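The structure appears right after this line, and notes come after that.
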Amino acid sequence: MKIQKISRSCYSTHALVFEKYGSLDQLRLKSLNLKKPSSNEVKVDFIASPMNPADINQIQGVYPILPNFIETEHGKLAIGGNEGFAKVTEVGDEVKNLKVGSYIFPNVNSFGTWRESAICKESDLISLNIKEDSVFDPLLAAALTVNPCTAYRMLLDFVTLEKGDVILQNGATSGVGQAVIQLAKIWGIKSVNVIRNRFILFDMLESPKFLLKKDKQSDCLKVLKNLSDYNDVKIDLKLEDLLNPSIAADSQLNTEEFKFDDLRPLFSKDLRTTTILVFLIWSTSSLAYSMFYSFLPKFLISIPNYFGPELDLIVISLSGIPGSVIASKLVETELGRKGTLFFSTIFTSLSIFFFMKVKTTIFLLICNCTGAFFSNLMYGVIYSYTPEVFPTSVRGSGCGIASSLNRVMGIIGPLLSGYLISFGCELSMYICVIVF
């Protein structure tokens, strides 16, 4: 008599899975078998499952929390997705707090929500108290457990906000940013929101080397033609030229392990002075800038009968915008890079100095606006000047280190300013004047 092995699975589900960490190209839609729920398990059917940047980072293997690979009939696989909104369709005999028809969220990290159905323990789920006649959007419900919760914690965990207070946030078009705006409105908190709109104002071109690496020679040619037309330079390139094997080999990205010896050319005899001066300019400018603007709101609030620091901060920020635009023009005049940088730093220092000396609110605003204008003018020069002074072979390293110093000093500045305030407000301001 022939005996056949009977499978315990009685359901199947489609899921987006991957076999190893890497690119999104390896995601595959596979059918997986599901066993019948045990006594303390439930079966849930997913209604909606969003995709977040963290989900992509998990697939790439670069996120701090990584999904587990489970044994399936297709081998070891991981199922993508952290967030999801699902409905209970079957329960085990010992399940107490869930019933068929209950709506749930996953209560564990890396649950694997990019699938139709799942069998899981009752403790792995959060039950939602949704009435049968309630009207809600399942797509919004599926995205409730990450971004809105982050916004909630940001608004409540760090400072005590009261009705009528004003908050300022950047990245306001993100999921977290939009949740902050909605929660702030519910709680009577005013929000000032900064957004990025680069792709309407500027046409961002992809790197030709990256396009060659991806075998997109035609797109690479379009980018090169666009750059040549913009700079009034004629190039005689055809698609066949980019298909040359030697060019393709040169386009491969350098994947060798970084060594500190790679930075040695930055401190060679010819570049040493330039490198040190550029790094000092970035460091001191960022330190003074962050010290002053972290101190500014506290100072404005301390002025008696002041007519509204939040309004002034908006005016001050807007006044700095023309500085960056004008900097792009002045560097091409007789003043050049060095002359424009010299005058912008001098006038930034003078603006802060007079800011400490004037007494009326209108002159305080004028000094702040001129300071914002000239500091943006200064940064406009620095950003354009830095890549020009480094040779191509070390340009990426030089610009990267300069940018890193800018970020580090931007962190140190507010901490130092907060410490110096205990010795008097003017001390912090005088240091800003000297450093600028």
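The values are calculated or read from the model by the stated rules, or taken from the named source; none is laboratory data. All values derive from a computational prediction rather than experimental measurement. With ideal geometry, Cβ positions are generated from the backbone for all residues, glycine too; neighbour counts draw on all protein chains shown. In case anyone asks, the SASA skips ligands and DNA or RNA and just uses the protein heavy atoms, side chains included. Shrake-Rupley method; radii C 1.70, N 1.55, O 1.52, S 1.80 Å.
Could you work out how much longer the chain between I47 and T273 gets when fully extended? Use 0.36 nm per residue separation minus the Cα distance between them, nm to one decimal.
Extending this stretch completely gives an extra 75.2 nm.
Let a ≥ b ≥ c be the square roots of the eigenvalues of the Cα gyration tensor of the chain; is it rounded (a/c under 1.5), or, if not, prolate (a/b larger than b/c) or oblate?
Oblate.
With all protein chains present, calculate the accessible area of E332 using a 1.4 Å probe and round the result to the nearest 10 Å².
130
With a 1.4 Å probe and every protein chain left in place, work out the accessible area per residue of the chain in Å², rounded to a whole number.
It amounts to 63 Å² per residue over the chain.
What does the extension gain come out to for D262 and T333, with contour length at 0.36 nm per residue minus their alpha carbon separation?
Separation in residues times 0.36 nm, less the Cα-Cα distance, equals 22.0 nm.
How far is helix 272-301 tilted, in degrees, relative to the longest principal axis of the Cα atoms in the chain, given as a value from 0 to 90 rounded to the nearest 10?
The helix 272-301 is inclined about 80 degrees to the chain.
Roughly speaking, what is the stretch gain from T160 to I56, that is 0.36 nm per residue apart minus the C-alpha to C-alpha distance, in nm to one decimal?
That works out to 34.0 nm of additional length.
For a Förster distance of 22 Å, can you work out the FRET efficiency between the beta-carbons of T361 and I314, rounded to the nearest 0.05?
Rounded to the nearest 0.05, the efficiency is 0.90.
Find the lysine pairs in segment 72-147 meeting two conditions, Cα atoms under 20 Å apart and a separation of 8 or more places or different chains, and report how many there are.
Number of lysine pairs found: 8.
In whole percent, how big is the carbon plus sulfur part of the accessible area of the chain, probe 1.4 Å, protein atoms only?
Here it works out to 59 percent.
How high is the FRET efficiency between K30 and K213 when r is their beta carbon distance and R₀ equals 25 Å, given to the nearest 0.05?
After rounding, the FRET efficiency stands at 0.25.
Test of the criteria: in segment 91-155, which chymotrypsin sites (Phe, Trp or Tyr not before Pro) are in a DSSP loop and have at most 14 other Cβ atoms within 10 angstrom of their Cβ?
F136
Roughly how many whole Å is it from the C-alpha centroid of segment 267-297 to that of segment 339-354?
15
What do you reckon, how do S174, S422 stack up by accessible area (1.4 Å probe), largest on top?
S422, S174
Might you report the magnitude of the Cβ-based charge dipole of the chain about its Cα centre, with Lys and Arg at +1 and Asp and Glu at -1, to the nearest 20 debye?
300
Using the alpha-carbon centroid of each, what span in Å lies between segment 209-233 and segment 135-193?
When both Cα centres are located, 41 Å separates them.
Among N97, N68, F46, whose Cα projects farthest towards the positive end of the dipole of segment 1-146, with charges put on the beta-carbon of Lys, Arg (+1) and Asp, Glu (-1)?
N68
At q = 0.12, 0.15, 0.21, 0.27 Å⁻¹, what log₁₀ I(q)/I(0) does segment 38-113 have when each alpha carbon counts as one equal point scatterer in the Debye sum?
Each listed q maps to, in turn, -0.40, -0.61, -0.99, -1.18.
Quick check: the angle from helix 392-421's long axis to the longest principal axis of the chain, C-alpha only, nearest 10 degrees?
80
Using alpha carbons only, how many degrees (0 to 90, rounded to 10) separate the axis of helix 425-435 from the longest principal axis of the chain?
It is inclined by approximately 80 degrees.
If R0 is 25 Å, what FRET efficiency do you get for L350 and L280 from their C-beta distance, rounded to 0.05?
For R0 = 25 Å, the calculated efficiency reads 0.75.
According to the square roots a ≥ b ≥ c of the eigenvalues of the Cα gyration tensor, what is the shape class of segment 319-436, taking rounded for a/c under 1.5, prolate for a/b larger than b/c otherwise, and oblate for the remainder?
oblate
At what distance in nm do the modelled label points of L205 and L227 sit from each other, each positioned 7 Å from its Cα along Cα→Cβ?
My value for the distance between the label points is 0.6 nm.
Using a 7 Å offset from the Cα along the Cα-to-Cβ direction at both K131 and C149, what is the distance between the two label points in nm, to one decimal?
Here the modelled spin labels are 2.6 nm apart.
Run the 1.4 Å probe and let me know the accessible area of L16, rounded to the nearest 10 Å².
Near enough 60 Å² of accessible area.
Between S403 and L66, what is the spin-label point distance in nm, taking each point 7 Å from the Cα along the Cα→C-beta axis?
Each label point is offset 7 Å from its Cα along the Cβ direction, giving 2.7 nm.
Roughly speaking, what is the centre-to-centre gap between segment 382-426 and segment 364-379 when only Cα atoms are used, to the nearest Å?
18
So for T386, T89, T173, what's the accessible-area order with a 1.4 Å probe, most first?
T173, T89, T386
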